[in-house]
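Heads up, the thing below is written out as structure tokens.
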Amino acid sequence: MRFVLCNEVLRHLPFNEQAQLSAALGYDGLEVAPFTLHPDAPHCLSKAMRNEFRRMAEDVGQPIAGLHWLLVAPSGLSITEASLHDKTCDVMRALIDLAVDLGATYLVHGSPAQRKVTFPGDAERAEAALSKAALHAQSAGLIYLLEPLDPGQTNWASSLAEALDIVARIGNPALCSMLDVSAAGNGEAEAPDTLLRRHMASGLIAHVHLNDRNRRAPGQGQDQFAPILRALAETGYQGEVARFV
């Protein structure tokens, strides 16, 4: 397992200082929220800027492992709203290209505000957006991850079982799901370690976020993380584990 730091907790710092602090704390790399690189249009960063962010991270031994919280910027995105669908799919493809340039290997699709299901056809549009993103990620050699989030945040893919069903239905090997401990604590009937032991063999879980259900860091709330780490070790997990501290 490789432990990476979600950089938005340090977004008050310049990016080079984020990478330096992450290295000092002993992390293996960074998981980057694109809006921290540019508040309005991270998918439009110049090639020179992409190269510079990558260099700053790699120079201190903190390669950018992945991207998450993808659809914060630009504003006005949604994978479910018909009028925004095409624009959002274009941004998702551009973010995959950004991930390639930054040296990342995966993207985490959470973005609950941009996936609310309200009208007939919304859920189908959401799946279509993921299918298109998965095809683009596959051609780029990356993994695109659907993050289950609890019902307090969204009403689509609001459980691990639902997310796994969506991934299996689309059936692209470049599309997987993941486990977010906070979302699981706030929405699942079973403990995160139980879910991992049950579903890891499916091959559809390819990432983990370690954060307490109170949205703070491990050890700053009621969730117990030792059983989760044991479950990951016992199931042979060898991917990234991202932390929000």
Considering the range 204-234 alone, what residues qualify as being modelled with pLDDT of 95 or more and open to solvent by 50 Å² or more (accessible area, probe 1.4 Å)? Ala226, Leu229, Arg230, Ala233, Glu234
When only residues in the range 31-40 that are surrounded by 14 or more Cβ atoms within 10 Å (Cβ to Cβ) and free of Cβ contacts under 8 Å to residues at least 60 places away in the same chain count, which is nearest to the chain's Cα centre (by Cα)? Ala33
Being more than 20 Å from the chain's Cα centre (by Cα) and modelled with pLDDT of 95 or more: is that true of Leu71 here? no
For the range 119-155, name all the residues that are under 13 Å from Val167 (Cα atoms), open to solvent by less than 10 Å² (accessible area, probe 1.4 Å) and touching a Pro at 6+ places or on another chain (Cβ under 9 Å). Ala134
Only residues that are part of a helix (DSSP H, G or I), open to solvent by 10 Å² or more (accessible area, probe 1.4 Å) and over 15 Å from Ala33 (Cα atoms): list them for the range 63-112, please. Ala82, Ser83, Leu84, His85, Asp86, Lys87, Asp90, Arg93
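Collect the residues in the range 86-99 that are β-branched (Val, Ile, Thr) and more than 10 Å from Leu67 (Cα to Cα), keeping them in residue-number order. Even if it seems obvious, please write down each step before you answer.
Our first condition is that a residue be β-branched (Val, Ile, Thr); within the range 86-99, this holds for 88, 91, 96.
Correct list: Thr88, Val91.
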Among the residues of the range 194-242 satisfying the criterion of being assigned to a strand (DSSP E or B) and in contact with a helix residue (DSSP H, G or I) (Cβ under 9 Å, 6 or more places away or on another chain), which is farthest from Tyr27 (Cα to Cα)? Ile205
Condition check for Val245: closer than 20 Å to Leu67 by Cβ, modelled with pLDDT of 95 or more and of a type in the set (Val, Ile, Thr): no
Looking only at residues in the range 156-171 that are open to solvent by less than 50 Å² (accessible area, probe 1.4 Å) and in a helix (DSSP H, G or I), which one is farthest from Ala184 (Cα to Cα)? Ile170
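The values are calculated or read from the model by the stated rules, or taken from the named source; none is laboratory data. Owing to the predicted nature of the structure, the values given are computational and were not obtained by experimental measurement. Here Cβ is always computed from backbone atoms with ideal geometry, including for glycine, and neighbour counts include all displayed protein chains. Each accessible area value is taken on the protein alone, full model and side chains, heavy atoms only, with ligands, DNA and RNA left out. Shrake-Rupley method; radii C 1.70, N 1.55, O 1.52, S 1.80 Å.
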